[in-house]
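Read through the structure below, which is laid out as structure tokens, and then see the notes.
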Amino acid sequence: MAEILALVAAFFFALAATLQQKGALEGGISAESLRSLLRLVRSRWWLVGTMALLVGYVVQAIALDHGRLAIIQPLLVTTVVFALPLGYFLTQQEVGRREIVGAGVVVAGLALFAVFGAPSTGNDDAPNNEWAIALVVITAVSVVLVVLGRRGETPRTAALYGIAAGILFGASACLVKPTVETLDEGVAEVLTHWEFYGMAIAGIIAFVLQQASLSTGYLATSVATVSTANPIVSVTIGVLLFDERLHEPTWRVLMALAGLALAMIGAVVISIARERRAPAVT
């Protein structure tokens, strides 16, 4: 059930990204000016996309409450697969042979990962000192990516902002688990834990960066980078901080990792193929 919910969340994330991009492009939003993103609230398409995004967050939280980071988060790579037909029908973006092949590779890789990868152990939270180190590293890397993104060309900006957004979304998702666990004790208890505020801050900043990435017009590039950086960070935190491990024997672990790598390669193939096309919207 957790895996199915992860796929449902991925669909809503793809729908949200497509609708938000449509609103950004129709409103003439520029990635070079984060201040211009404030105009998005006047776009009907963007507001509907944001509602879809919130639904995706809720479904993802439920999935994380019933599953492990190392399994749930990688399935979100399917967001880039869902984004292809949605982009075709809603924003009239071309879908070529390479994009279709890339989508097939993503699905095949995740199928391998789902069959052979299942975490046998894991915790719902990590010590505060380990979190502190992880958050410092995540913040530093995100800042560097944003600075480089502001200096780059449009496709590069979309990719760098997307990676930064994905990293922060991954960190936010990891903080969802301890927050949801605390929710069983009541809302008042949740508000006394730093994980809730960390989750909210990381999520909001990631949201803004994703809008900047989408406003460039490169939907597949934006979605692919967000959808790959997110699970990479989540799995890393799951392994290093939450002590999540895949089922042995070793050959099963290797097959699972090969499947995950294959899915990431497929997402990159889609991103590269779409960068060569001019963005289009009606």
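The values are calculated or read from the model by the stated rules, or taken from the named source; none is laboratory data. Every value quoted in this text rests on a predicted model; they were computed, and no experiment measured them. As a convention, Cβ positions derive from the backbone with ideal geometry for all residues, glycine included, and neighbour counts pool all protein chains shown.
Okay, here's what the table says:
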quantity: Some residue of region 125-141 being of a type outside the set (Gly, Ala, Ser) and at pLDDT below 85; calculated: yes
quantity: Extreme residue, farthest from residue 232 (Cα to Cα), among residues of region 47-102 that are in a loop (DSSP other than H, G, I, E, B) and either out of contact with any Gly (no Cβ under 6 Å at 6 or more places or on another chain) or modelled with pLDDT of 85 or more (or both); calculated: 92
quantity: Residue selected from region 171-209 under the condition surrounded by fewer than 15 Cβ atoms within 10 Å (Cβ to Cβ) and aromatic (Phe, Trp, Tyr), by the criterion nearest to the chain's Cα centre (by Cα); calculated: 197
quantity: Among (1) modelled with pLDDT of 85 or more; (2) assigned to a helix (DSSP H, G or I) - the single one residue 155 does not satisfy; calculated: (1)
quantity: Test result for residue 154, without any contact (Cβ under 8 Å) to a residue 40 or more places away in the chain, polar (S, T, N, Q) and more than 23 Å from residue 82 (Cβ to Cβ); calculated: no
quantity: First in region 201-230 and at negative phi, second anywhere and basic (Lys, Arg), Cβ under 7 Å, 6 or more apart; calculated: 218/274; 220/274; 221/274
quantity: Condition broken by residue 237, with the remaining ones in (1) within 14 Å of the chain's Cα centre (by Cα); (2) surrounded by 24 or more Cβ atoms within 10 Å (Cβ to Cβ); (3) under 21 Å from residue 72 (Cα atoms); (4) of a type outside the set (Phe, Trp, Tyr) satisfied; calculated: (1)
quantity: Conditions (1) under 27 Å from residue 209 (Cβ atoms); (2) at pLDDT below 85; (3) of a type outside the set (Asp, Glu); number of the one not met by residue 105; calculated: (2)
quantity: Residue in region 159-170 that is of a type in the set (Gly, Ala, Ser), within 19 Å of the chain's Cα centre (by Cα), surrounded by fewer than 15 Cβ atoms within 10 Å (Cβ to Cβ) and assigned to a helix (DSSP H, G or I) present; calculated: no
quantity: Hits in region 260-282 - residues which are buried (at least 19 other Cβ atoms within 10 Å of the Cβ) and modelled with pLDDT under 75; calculated: 271, 274, 279
